[in-house]
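Undergrad: I have a structure here, written as structure tokens, and I will follow up with some questions on it.
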Amino acid sequence: MSAAKIKKGDKVVILSGKDKGRSGNVMRVLPKDGKLVVEGVNIAARHRKASQTNPEGGIDRFEAPLHICKVAIADPKDGKPTRVRFEEKDGKKVRVAVKSGETIDG
């Protein structure tokens with residue numbers, strides 16, 4: 001298994017769709033589906049009928065998963081989208097931002 005380019009807790013920028021240009025932290029990664037959930041982005045609404053467990057019903061709002069290709073890691077220097085490459089530093093494999101050469105913590 002190869003190392004993940006985007007991990008939980010990373011700051012990412014949305015590249016396309018209704019939330020293009022917005023950024024947020026990754027809350028969850030779903031590698032089998034190739035998707036991830038970003039905090040405060042891609043909000044979906046579900047109308048729920050009243051039930052015994054939820055007597056009021058109403059509208060549930062939640063972050064829906066986004067495809068990984070729609071996001072890019074935010075550069076640690078300026079916050080703009082960047083690609084990621086892997087380098088070996090002190091015998092450890094680390095993620096490096098292509099744009100600035102900064103090491104990405106995570």
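The values are calculated or read from the model by the stated rules, or taken from the named source; none is laboratory data. In this text, all values refer to a predicted model and were calculated from it rather than measured experimentally. Reconstructed Cβ throughout: ideal geometry from the backbone, glycine too, with neighbour counts over all protein chains shown. For the accessible areas, the whole protein counts, side chains as well, though only heavy atoms, and no ligand, DNA or RNA atoms are used. Shrake-Rupley method; radii C 1.70, N 1.55, O 1.52, S 1.80 Å.
Undergrad: Show the residue pairs that are 6+ apart or on different chains and have beta-carbon atoms under 6 Å apart, the first residue being within region 90-103 and without any contact (Cβ under 8 Å) to a residue 60 or more places away in the chain and basic (Lys, Arg), the second being surrounded by 12 or more Cβ atoms within 10 Å (Cβ to Cβ) and in a loop (DSSP other than H, G, I, E, B).
TA: Pairs found: LYS99/ASP75.
Undergrad: For residues that are under 15 Å from ASP10 (Cα atoms) and touching a residue at least 24 places away in the same chain (Cβ under 8 Å), tally how many sit in region 70-89.
TA: Going through region 70-89 one residue at a time, the tally reaches 12.
Undergrad: Please go through region 46-69 and pick out each residue that is open to solvent by 40 Å² or more (accessible area, probe 1.4 Å), within 30 Å of ILE14 (Cα to Cα), touching a strand residue (DSSP E or B) at 6+ places or on another chain (Cβ under 9 Å) and not β-branched (Val, Ile, Thr).
TA: ARG46, HIS47, ARG48, ASP60, ARG61, PHE62, GLU63, PRO65, HIS67, listed by residue number.
Undergrad: Has region 12-35 got any residue that is under 21 Å from ARG83 (Cβ atoms), touching a residue at least 60 places away in the same chain (Cβ under 8 Å), surrounded by 13 or more Cβ atoms within 10 Å (Cβ to Cβ) and among the β-branched types (Val, Ile, Thr)?
TA: Yes, some residue in region 12-35 is under 21 Å from ARG83 (Cβ atoms), touching a residue at least 60 places away in the same chain (Cβ under 8 Å), surrounded by 13 or more Cβ atoms within 10 Å (Cβ to Cβ) and among the β-branched types (Val, Ile, Thr).
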